[in-house]
1. Roll a 1.4 Å probe over the protein chains and send me the accessible area per residue for the stretch 88-140 in Å².
2. If you add up the charges near Pro291, with Lys and Arg at +1 and Asp and Glu at -1, over every other residue whose beta carbon is less than 12 angstrom from its beta carbon, what do you get?
3. Quick one: net charge around Asp176, please, counting Lys, Arg +1 and Asp, Glu -1 for every other residue with C-beta under 13 Å from its C-beta.
4. Could you work out how much longer the chain between Glu353 and Lys58 gets when fully extended? Use 0.36 nm per residue separation minus the Cα distance between them, nm to one decimal.
5. At 0.36 nm per residue, and after removing the present C-alpha to C-alpha distance, how many nm does the segment from Asp244 to Asp274 gain when stretched out fully?
6. Kindly sort Val84, Val78, Val299 by accessible area of their heavy atoms, largest first, with the probe set to 1.4 Å.
7. Of the listed pairs Lys58/Lys89; Lys180/Lys205; Lys89/Lys319, which have alpha-carbon separations greater than 21 Å here?
8. Given points 7 Å out from each Cα along the Cα-Cβ axis, report the Val82 to Lys336 separation in nanometres with one decimal.
Amino acid sequence: MANKIRKCNLCGRDESEVGYLLTGVNGCICNECAVEAGEIVRANSMSRSEVKIDNLPKPKEIKEYLDKYIIGQDDAKVALAVAVYNHYKRLNNPAADDEVELEKSNIIMVGSTGTGKTLLARTIAKMLVVPFTIVDATVLTQAGYVGEDVESILSRLLQVSDYKPEVAERGIVFIDEIDKIARKGDNPSITRDVSGEGVQQALLKLLEGSVINVPPYGGRKHPEQKFIQVNTRNILFICGGAFDGIEKRIAQRLNTHVVGFGASRDSSQIDKSDFMQYISPMDLKSFGLIPEIIGRLPVLTHLEPLGRDALRRILTEPKNSIIKQYIKMFELDGVKLTFEEEALDYVVDKAVEFHLGARGLRSIVETIMMEPMYEIPSQSLKEYDVTLDFAKSQVEKANMNALQNRGE
């Protein structure tokens, strides 16, 4: 008996007329119908971004969600939760002619590297029902120079909004590394500061709220494309940056180095281990942000430096912690992975020594686990325990290899 010809249950074409068929329990669907169905689902999911106020996550619920993935940083979590919740309320309650108009409050987060600025943004993006994108300020330059124009920020938002401006105008943008566009100096120069103050001035109209002509596919590679107009009035901007060295400016402002009879009495009450908690807009100005930018980022919050206890919790507690990721990876190979407590403490001690924050944890664990990840998939092991001695030997071996390479 000849084999029965399989056909797509949606379009009716057989497998000789399409690329391939996806077989289900009671039928098939061809690759073209699958793509079309995906586009319909994606369009419907975008339209669901217009949620009602009754279904919005409250600020406390948003913070509780962030707590599952990020240790500490309560001040930054509260600021983000309130800003996102107010953003939803503003979108769902457009002001009538005779009502109070709700203005947006853009945020700037300041914290040293590895404290969780970008992770906060990525985590909150998981629970949002509005378009969300993360862009890097380091690639931006003033219009007409090599690099990306400021309008490319909105190009990314349009991409995740399926190129629908009405959807993008309800979105949230996280601008990372905002400190990298600081003004290079107060002294006038014969050369233009095209990646510093020039970018800040170009950002002003985006942050404030105006109609921007956006090239949907980026500005330089497709000069023939038509612009899409996007109104940024209801787009919430969240900025983050390390502002490396700003602690010295804060300390200078707080007058903590004054000695003798003129010393401030309040300086004894200042926590000198965390100057970031005393940050103010004037510190951002002295670092190199222009006053107009600072005025358009009214909510200023800081992230605390990660101490040893916080790093130890970050290593194992969050839902996506580094150790849980490795346990899951080995589990996929049928191996039960365990870590001695002393080995975990050693990883934390090394991370504190390197001053790299939470990112330092991953680099150290990667160094320790490189050899087991290479060897174990080819072996028939069922269990593997990472001991303190093994962790030390792997880190020392990596250091010796680095020294040898440097000597060569």
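1. 45
2. +1
3. Cβ neighbours under 13 Å give a net charge of +1.
4. 102.3 nm
5. Stretched out fully, the Asp244 to Asp274 stretch lengthens by 9.5 nm.
6. Output order, biggest surface exposure first: Val78, Val299, Val84.
7. Lys89/Lys319
8. Placing both labels 7 Å along Cα→Cβ, they lie 4.8 nm apart.
The values are calculated or read from the model by the stated rules, or taken from the named source; none is laboratory data. What you see is a predicted model, and the numbers here were worked out from it, not measured in a lab. All Cβ positions, even for glycine, are placed from backbone atoms using ideal geometry, and neighbour counts span all protein chains on display. Ligands, DNA and RNA are excluded from the accessible area calculation, which covers all protein heavy atoms including side chains. Shrake-Rupley method; radii C 1.70, N 1.55, O 1.52, S 1.80 Å.
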